[in-house]
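Below is one structure, written out as structure tokens, with a few remarks after it.
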Amino acid sequence: MKLDPSGYSPLDLALCEDHRDTVKQLIKFDPKLIQVRSRERKTPLQYVAEINDDDLLREFLIACPTAIKDLTIQGETAVHLCVRNGRIQAFKVLIGWLNQTDNKEILDWKDNNGSTELHIAAQTARVEACHVIKYLTKERVDLDVRNQENKTALDIAADGIADHQQNHSARSVASNKEYVQIQEILHRAGTMYSSQLPKSITMVDVLTAPYKNGRIQKKAKSAVNSHKRMRISEMHIW
């Protein structure tokens, strides 16, 4: 698909002008338009997720199911974008779609900073983030996955509490309340601090692990088969 001189597809332009009938006609004519990246290097599906348009999001997912796996140049999925921007309705639509299409492994994909949706929710410290984390813990995502800074979501929440205790502004107090609530939710779900986790294992450890150590082998196989965006060197022995 050739973009116009400004770097937009016909679908991008229809979305920007809120011409919903035109949008629906375009995706009916060519569903692959949903995966064409604009000048901002985002797909139309990522755009409607980011603006919380849950109606169009449903239609886009049905018209082009593979679009859910598209990434931004920052390595973010549409779910990452919803969580980062506090788009709870779009987030719920995506969670429902991932469950129905057996694509829940996407919830453990990392962006270019090594962050999953769980890390991002812990960082934002919004009211919406608390709802997101409750949903994610119910979906049995990897609660103890570490980002590039070697931090779990629980580490991030604890850091937020420590930072905000030094700032006594009204805004800081409100944010600290959310961090505390996030920390409590993660504690109840059984999330651990990075310092509490067993040592990391390397690719060599995985490939040479004794056959009887089925838990290591099972986790390695699961990561490969589900195309998780994580390095095996960051996997942990349980």
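The values are calculated or read from the model by the stated rules, or taken from the named source; none is laboratory data. Note that the structure is a prediction, hence the values are computed from the model and not measured. All Cβ positions, glycine included, derive from the backbone under ideal geometry; neighbour counts span all protein chains shown.
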Self-check item: Residues being polar (S, T, N, Q) and not in a loop (DSSP other than H, G, I, E, B) - total across the range 95-118
Solution: 2
Exercise. Name the residue, out of Gly114, Gly86, that is touching a residue at least 60 places away in the same chain (Cβ under 8 Å) and closer than 26 Å to Arg41 by Cα.
Key: Gly114
Quiz prompt | Selection from the range 55-87 of residues that are of a type in the set (A, V, I, L, M, F, W, C), at pLDDT 95 or above and over 12 Å from the mean Cα position of the chain (by Cα) | solution = Leu56, Leu57, Phe60, Leu61, Ile62, Ala63, Cys64, Ala67
Exercise. Of the conditions (1) surrounded by fewer than 21 Cβ atoms within 10 Å (Cβ to Cβ); (2) closer than 14 Å to Pro10 by Cβ; (3) in contact (Cβ under 8 Å) with a residue 12 or more places away in the chain, Leu33 clears all except one; give me its number.
Key: (1)
Quiz item: From Asp163, Asp144, which residue is touching a strand residue (DSSP E or B) at 6+ places or on another chain (Cβ under 7 Å) and either at pLDDT below 90 or part of a loop (DSSP other than H, G, I, E, B) (or both)?
Solution: Asp144
